[in-house]
Amino acid sequence: MGGLGLLLWRVLPAAPSNELGLTYRQLLGSMFGLLASQRVLQVRGLLGLLMFAAFGVFWSSLVLLLGAPPHSLSHSAIGAFGPVGALGALGAARAGSLADRGHAQALSGGALLLLLLSWLPLALGAHSLAALILGVLLLDLAGQAIHVLNQSLVFAIDPRAHSRLVGCYMLFYAAGSGLGASAGTAMYAWAGWDAVSLLGAAISLAALAFWWFTRGVGGEARTACANGA
């Protein structure tokens with residue numbers, strides 16, 4: 001741990017000083033101001049909440065599915081699904097650069113549609129590991145793309161408030177993950193994997209519909225990114 005800390009101290013750039021001259025309490029208070037005043041943050045935060053809720057529904061219930069018949073996998077085999085999801089997330093690496101060129105909204109719609117479609121193979125996962133693996137790849141590709149696009153637009157609001165914007169956005173992340181995990185396990189206990197899949201698809205559909213009705217929000221941030229590229 002000490003060696004890692006020394007390495008980070010040597011390689012990371014020096015953090016800029018607090019140019020705003022705010023105390024820690026004032027910085028925390030200003031985050032509520034950002035949440036109340038920044039429409040892009042509100043919209044992208046809610047999209048993030050819905051996306052992470054869909055994630056929570058799936059990943060919290062997956063271990064229950066894989067540990068039960070007909071799969072009856074060991075803990076090690078179940079853990080191998082983590083790297084499978086990471087492979088899908090790698091495909092979203094270019095989403096940020098494309099967003100900076102002005103394609104954030106179009107990519108958001110495509111990623112949210114993919115998130116919804118991923119529940120088709122995931123729903124078949126109760127009987128097919130191949131379908132489940134395909135669904136995991138699609139789910140993580142879509143989710144990571146949405147996450148990157150959200151951050152690209154949120155961070156363009158005000159470069160001076162980058163850290164506070166991160167904190168605000170991650171509030172939605174935490175809320176969505178927690179709510180999704182709780183709902184996913186409850187649905188599995190109540191009606192099994194089919195109910196989990198329906199819930200995940202419903203949340204994904206809600207996210208897609210919300211994006212459609214708010215797709216005009218974020219044009220200023222998108223333009224700023226494109227002009228700066």
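Please treat every number below as a calculation from the coordinates, not as lab data. Fair warning: this is a prediction, and the values are worked out from it, not measured in the lab. No Cβ is skipped: glycine too gets one built from the backbone with ideal geometry, and neighbour counts run over all protein chains shown.
Length available on full extension from Q26 to V166: 0.36 nm per residue minus the Cα-Cα distance, which gives 48.8 nm. Apply the Debye scattering formula to the chain, with a single equal point scatterer on each alpha-carbon and no solvent, then give log10 I(q)/I(0) at q = 0.13 Å⁻¹. Reported log10 I(q)/I(0), two decimals: -0.83. If the Kirkwood radius is taken over C-alpha pairs of segment 99-181, then at 20 °C and 1.002 mPa s the Stokes-Einstein diffusion coefficient equals 151 µm²/s. Pairwise Cα separations in segment 21-87 fall into 5 Å bins from 0 onward with the following percentages, short to long: 4, 13, 14, 14, 11, 9, 9, 10, 9, 6, 2, 1, 0. Long hydrophobic helices in the chain: the complete DSSP H runs spanning 24 Å or more by Cα along their own axis with mean Kyte-Doolittle hydropathy of at least 1.0 are 39-67, 129-155, 193-214. Distance between the 7 Å Cα→Cβ label points at A209 and A77: 3.9 nm.
Near R94: Cβ cut-off under 12 Å, other residues only, Lys/Arg at +1 and Asp/Glu at -1. The net charge is 0. Ordered by the number of other Cβ atoms lying within 10 Å of each residue's own Cβ, fewest first, L141, L153, L205, L115 fall into the sequence L205, L141, L153, L115. For S97, S177, the sequence from fewest to most other C-beta atoms within 10 Å is S97, S177.
Contact order for segment 30-228, expressed relative to its length and based on alpha carbon pairs under 8 Å spaced 6+ residues apart, stands at 41 percent.
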